Amino acid sequence: MDMKCALHVHTTFSDGQLAPEQMLQAYRDQGFKCVAITDHQFMVPPNYRNYLELLAHRLRKDMMLLIGFELDYEPWSHQHLLEIFGKKDVLRVLCHPRNYYLSTDEINQRMRSAPIQIDAIEVSHRGFYTPEYNISQIPYPQIATDDAHELRDVARCWIETEECKNPDRLFKAIRASQFQIKMA
């Protein structure tokens, strides 16, 4: 395992304190090779995806930049979901269950009843590990993320996978739990 991945990062496109380039540099300085910018969908400007696609193209030799959103899923009282786009695939993650005080049964019920496929859950909250959700009773891949909004949030929790340059392969590895959770 040698590719550090941050899959939940915010920038000034929503409620983050750093511009995308600054946030990516902070992760690059910590040895990350994959970062997903996942700003809140209801806040991003119309040029969000185009801007990040150009940035991803510029960075493609050094870092895999994934583009996504943090969505408010209204049927679940605005539960947050990450939606991260690959070339042909989409990875969806149930965000920070501790924030909503969800029980194991509530998580499993939400995962089973969702009208869309949800691929994994976060077992961290704002970059701090929440071990009560990293349990076998939740039979879905369990990832750790920073949910970074500012510089001090960078590189607290992440996953490590085999290095790849294809986001769809990364998503397949996550669905197969072929990664390790890491913490600072």
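The values are calculated or read from the model by the stated rules, or taken from the named source; none is laboratory data. What you see is a predicted model; the values in this text were computed from it and never measured. For neighbour counting, all protein chains shown are included, and Cβ atoms are generated from backbone atoms with ideal geometry for every residue, glycine included.
Residue check: Met64 meets all listed conditions (1) surrounded by 19 or more Cβ atoms within 10 Å (Cβ to Cβ); (2) within 16 Å of the chain's Cα centre (by Cα); (3) under 17 Å from Gln142 (Cβ atoms) but one, namely (3). Of the residues Arg49, Arg28, Arg58, the single one that is assigned to a helix (DSSP H, G or I), farther than 20 Å from Lys87 by Cβ, of a type in the set (Lys, Arg) and over 15 Å from the mean Cα position of the chain (by Cα) is Arg28. Here region 124-149 is the region considered, the condition is being farther than 16 Å from Glu70 by Cα and β-branched (Val, Ile, Thr), and the residue that is surrounded by the most Cβ atoms within 10 Å (Cβ to Cβ) is Ile138. If you check Thr145 against the conditions, is it farther than 12 Å from Leu7 by Cα, among the hydroxyl-bearing types (Ser, Thr, Tyr) and modelled with pLDDT of 95 or more? For Thr145, the condition - farther than 12 Å from Leu7 by Cα, among the hydroxyl-bearing types (Ser, Thr, Tyr) and modelled with pLDDT of 95 or more - is not met. Pairs are defined by a Cβ separation below 8 Å, a sequence spacing of at least 6 or placement on different chains, a first member in region 1-19 that is touching a residue at least 12 places away in the same chain (Cβ under 8 Å) and loosely packed, with under 15 Cβ neighbours inside 10 Å, and a second member that is hydroxyl-bearing (Ser, Thr, Tyr) and outside any loop (DSSP other than H, G, I, E, B); the pairs so defined are Met1/Thr161.
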